[in-house]
Amino acid sequence: MSAVAPSVASNRTDTPATVARFADGLLSHELPLLSDDRRREAIEFIGRRVRVLPSLTRFGVLLIGRFLDVLGIVVGHANVRRLVTTMPIPLLAEYPRLVRSLGFAYVWETWPDTTVDGGRPAG
């Protein structure tokens, strides 16, 4: 995990730490060339969107996030991330899809010239 998640968790948008930690790991893995400041902005966006979900949905997202975070402490966050992104586990597999879709939407809406690995085009 990079140093992005702790700073995001304490910022003014109040991104839940479990969401920030998972989003940071997921975006770092799937968009390895995305700069830290861009990844931080995407994580802040994800946190803002989670905060405005309907209450029951938000509760479920935060509960799944907490469960995966605790599991990550035990077996490793990268292992948990790999498990939930590759196995069709009901409900748990939806969490990375939500985080990924929000993060990717923000990245490509904000910086449309971003390459598929998160980098900036040459030239």
- Item | Yes/no for F67 being closer than 13 Å to A23 by Cα, open to solvent by 40 Å² or more (accessible area, probe 1.4 Å) and part of a helix (DSSP H, G or I) | no
- Message: Can you say whether G118 is surrounded by 15 or more Cβ atoms within 10 Å (Cβ to Cβ), in a loop (DSSP other than H, G, I, E, B), at positive phi and not hydrophobic (A, V, I, L, M, F, W, C), as far as the supplied structure shows?
- Response: yes
- Message: When you scan the range 79-86, do you find a residue that is over 28 Å from G119 (Cβ atoms), in a helix (DSSP H, G or I) and modelled with pLDDT of 95 or more, even just one?
- Response: no
- Task: Confirm whether L53 is outside any helix (DSSP H, G or I), at pLDDT 95 or above and open to solvent by 80 Å² or more (accessible area, probe 1.4 Å).
- Result: no
- Query: Can you pull out the residues in the range 33-50 that are in a helix (DSSP H, G or I) and among the small types (G, A, S)?
  - Reply: A42, G47
- Item | Hits in the range 105-116 (condition: within 18 Å of F22 (Cα to Cα) and in contact (Cβ under 8 Å) with a residue 12 or more places away in the chain) | Y106, V107
- Among the candidates R12, R48, single out the residue that is loosely packed, with under 13 Cβ neighbours inside 10 Å and either basic (K, R) or modelled with pLDDT of 95 or more (or both). R12
- Message: Out of the residues in the range 87-112 meeting the condition of being modelled with pLDDT under 95 and of a type in the set (A, V, I, L, M), tell me which one is farthest from D37 (Cα to Cα).
- Response: I89
- Query: Quick one: which of L62, L92 is more than 13 Å from the chain's Cα centre (by Cα), of a type in the set (A, V, I, L, M, F, W, C) and surrounded by 14 or more Cβ atoms within 10 Å (Cβ to Cβ)?
  - Reply: L92
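The values are calculated or read from the model by the stated rules, or taken from the named source; none is laboratory data. Since the structure is predicted, the reported quantities are computational estimates derived from the model, not experimental observations. Every residue, glycine among them, receives a Cβ derived from its backbone with ideal geometry; neighbour counts consider all protein chains shown. Keep in mind that these areas ignore ligands, DNA and RNA; they rest on the heavy atoms of the full protein, side chains included. Shrake-Rupley method; radii C 1.70, N 1.55, O 1.52, S 1.80 Å.
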